[in-house]
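Chemist: After the structure tokens below, expect a handful of questions from me.
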Amino acid sequence: MTELVTYEPLDEGRIARIWLNRPEVHNAQSRTLLIQLDEAFVRAEADDAVRVVILAARGRNFSAGHDMGSDEALAERTAGPGQHPSFTDHGATRAGRVEAVYLQEWHYYFENTCRWRNLRKITIAQVQGNAISAGLMLIWACDLIVAADNARFSDVVAVRLGMPGVEYYGHPWEFGPRKAKELLLTGDSLDADEAYRLGMVSKVFPVDELEAKTLQFARRIAERPTIAALLVKDSVNAATDAMGFAEALRHGFHIHQLGHAHWSALNDDKHPCGKPPDVEDWRTAQATQLARRDSP
């Protein structure tokens, strides 16, 4: 099987660096990639030598989001020798289209992301270029986010798919409520400095120094006692959950499924997302523009 995710032990195994490895399609997330990513996180979690996990990506962009159109992604969904086994379980064979989508997305988009958020290790996302839509899900599941100075963050599923946002609905918490509404309704992106100002990003480094400086940052954190690091993580996560984060995520996921149900009922082919002319065609859409305070 092609390695779409690679695992790199560093510093005698104290740090594990996990690489998204589909640079030719901007690390678009096929089902194969997501399952390999989960396996890599499980490997790091099981290894008692690992103290910090870095999630990085090969190529110019961190991730273009879910893979909706590559030949590989189409093949893994289609019955036959190239079909990924995960498209035959967890609701995939249910007769009801809405139920099948609901169960598949629960297991392979929502539940896995929540599990990564609660990984028993400290995780750092290392982001360069674009992190679009489901790319945000991967970085928001991490404890810390480090960005290159060319990083851009956006969720375009409202403007291109007619959906409320990605399945892991962290937008109001990561951007703030009004900024979340603005970015979702326009499809505009944040640059690294604005993401830092909002508190979503911890560090911003020149792109050619990103890998080295992220590793230096990880080494600082790896010096902490493992129990202290874990209790810090759990204390902060528990505080946000007490403020409603976990329940808001679940509610956001179910609202997302309402969007799928709407489009499945509206579209003649039962496609669960918006299609032109209701939304712009994602296959020909232009690059996102930066959100600016002085630009409409």
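Chemist: Please identify the pairs in which a residue from the stretch 1-17 that is among the polar types (S, T, N, Q) has its Cβ atom under 8 Å from the Cβ atom of a residue that is assigned to a loop (DSSP other than H, G, I, E, B), counting only partners at least 6 apart or on another chain.
Modeler: Going by the 8 Å Cβ cut-off, the qualifying pairs are Thr6/Asn21.
Chemist: In addition: Identify the residue in the stretch 1-55 that is among the charged types (D, E, K, R) and part of a helix (DSSP H, G or I) and, among all such residues, is farthest from Lys213 (Cα to Cα).
Modeler: Residues of the stretch 1-55 that are among the charged types (D, E, K, R), as a first pass: 3, 8, 11-12, 14, 17, 22, 24, 31, 38-39, 43, 45, 47-48, 51.
Now restrict to residues that are part of a helix (DSSP H, G or I): 24, 31, 38-39, 43, 45.
Values: Glu24: 25, Arg31: 31, Asp38: 25, Glu39: 26, Arg43: 24, Glu45: 23 Å.
The residue in question is Arg31.
Chemist: Please determine, by comparing only the residues of the stretch 70-114 that are assigned to a loop (DSSP other than H, G, I, E, B) and among the charged types (D, E, K, R), which one is nearest to the chain's Cα centre (by Cα). First the steps, then the outcome.
Modeler: Of the residues in the stretch 70-114, the ones assigned to a loop (DSSP other than H, G, I, E, B) are 70, 78-84, 89-96.
Pick out the ones that are also among the charged types (D, E, K, R) and you get 89, 94.
Numbers: Asp89: 22, Arg94: 26 Å.
Checked the stretch 70-114; the qualifying residue nearest to the chain's Cα centre (by Cα) is Asp89.
Chemist: Name the residue, out of Thr2, Thr32, Thr88, Thr93, that is more than 28 Å from Arg283 (Cβ to Cβ) and hydroxyl-bearing (Ser, Thr, Tyr). Write out each step before concluding.
Modeler: Working: Thr2 fails: more than 28 Å from Arg283 (Cβ to Cβ); Thr32 fails: more than 28 Å from Arg283 (Cβ to Cβ); Thr88 fails: more than 28 Å from Arg283 (Cβ to Cβ).
The conditions single out Thr93.
Chemist: Also, quick follow-up: When the residues of the stretch 214-260 are narrowed to those that are part of a helix (DSSP H, G or I) and among the basic types (Lys, Arg), which ends up surrounded by the most Cβ atoms within 10 Å (Cβ to Cβ)?
Modeler: Filtering the stretch 214-260 down to residues part of a helix (DSSP H, G or I) leaves 214-222, 226-242, 245-260.
Remaining after also requiring among the basic types (Lys, Arg): 219-220, 233, 250.
Working: Arg219: 15, Arg220: 9, Lys233: 18, Arg250: 14.
The residue in question is Lys233.
Chemist: Given Leu230, Leu249, Leu266, which one is out of contact with any Pro (no Cβ under 8 Å at 6 or more places or on another chain), aliphatic (A, V, I, L, M) and farther than 21 Å from Leu119 by Cβ?
Modeler: Exactly one residue qualifies, and that residue is Leu266.
Chemist: Given (1) in contact with a Gly (Cβ under 9 Å, 6 or more places away or on another chain); (2) more than 22 Å from Gln104 (Cβ to Cβ); (3) surrounded by 13 or more Cβ atoms within 10 Å (Cβ to Cβ), identify the lone condition not met by Trp263.
Modeler: Here Trp263 clears every test but (2).
Read-outs: derived from the displayed coordinates by stated rules, not from any lab. Predicted model only: the values in this text are computed from it and were never measured. Reconstructed Cβ throughout: ideal geometry from the backbone, glycine too, with neighbour counts over all protein chains shown.
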